[in-house]
Amino acid sequence: MKEKLQRIINLISLGKWALVSSVLIFILIFNYLFSIEIRITPNYKTKGNPLNSSNQSSDKPQQVIEQKIPQEVKLPIRWADLGKKLNETGVIDNVKFTEVMGSLSASDQKLLEGTDNSEIVMNQSNSRLILNLLWAFGLANKNDVLDIGEMKQNPSQTGNMASTGGWTISKGSAMNHYSMHNFVSLTSDQQKMVEEMSKNIYRPCCNNSTHFPDCNHGMAMLGLLELMAANNVSEQEAYKVALNVNALWFPQQYQELAVYFSENGKNWNQINAKEALGINYSSASGYKQMRAQIKSLPQPAQGGGGCGV
């Protein structure tokens, strides 16, 4: 009797596990054949996570107006042996100059040592060299702008400005050469042109005109104006050259200026160079006001270049 009862219990147990196994197999087969994947997709577009802003920018413009500014400019001047004279008179100490500029190409070295340099082609590669050469010339060539202009308003401070105290690559003090050399002499009409143009040409690094050349860019521009006047370049052409030179010295600012004018219906070649170089656009404050009006570019980060060699 006990044996029969035990067999019945065993059969029930086997049946129970068989049933459980069958149910599990059924569930697995059903899930395989009829599985459903549920996805929730939002019906709106996210504006970006501020914690992950490297890939998204809320102020990125929809379309940036591209305007190309000149990548080179021919300077309508005769450089001749001015580099050699700057060396011989000590305005440029060749050893110090080389330490600052590094090794120069043969064509660049010729500007320092040659005697028959004619037209100079300025580009991004040599813009710093040309800046320093024109700075040296503008600082040293005798001119009323330096002798009786704003640079002499406080004579005790003349030697402490960026364009004077910052010129550290001469033999002796820069003030030993300040307006001391008659490299180029101008007629009264040529001097008048330099005076008038220098009062209207600004640079984005400060609020002073070229008539107050207290930094390297201002002093270099003064030197360029003197050389263009001496070579009888017309005022209209001189303004165009000056604008393109500033664009090479300050590429970001003038690229943005080109965009500003483009938004207002003018390409680079249609810009009035005299107007663009004036206080409303090319001074530090004028540039800032102009930049704030550009719609197709994001607002820039603060900061800028220096005025050293």
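Overview of values
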read-out: J(HN,Hα) series, region 256-265, from Karplus relation 6.51 cos²θ - 1.76 cosθ + 1.60, nearest Hz, glycine and proline x; value: 5, 5, 4, 5, 4, 5, 4, 5, 9, x
read-out: Electrostatic dipole magnitude of region 72-292 [Cβ: Lys, Arg +1; Asp, Glu -1; Cα centre; debye, to 20]; value: 280 debye
read-out: Cβ crowding within 10 Å averaged over residues, with 99-107, 173-181 ranked highest first; value: 173-181, 99-107
read-out: Partners for Lys274 among aspartates and glutamates (Cα-Cα distance below 18 Å; same-chain residues under 8 apart left out); value: Glu195, Glu196, Glu226, Glu235, Glu237, Glu256
read-out: Ranked packing of 192-201, 127-136, most packed first, by mean Cβ within 10 Å; value: 127-136, 192-201
read-out: Counted charge near Tyr178, where neighbours are those whose Cβ lies closer than 11 Å (Asp, Glu -1; Lys, Arg +1); value: +1
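Values in this text are rule-based calculations from the coordinates and carry no lab data. Model, not experiment: these values are computed from the prediction. No Cβ is skipped: glycine too gets one built from the backbone with ideal geometry, and neighbour counts run over all protein chains shown.
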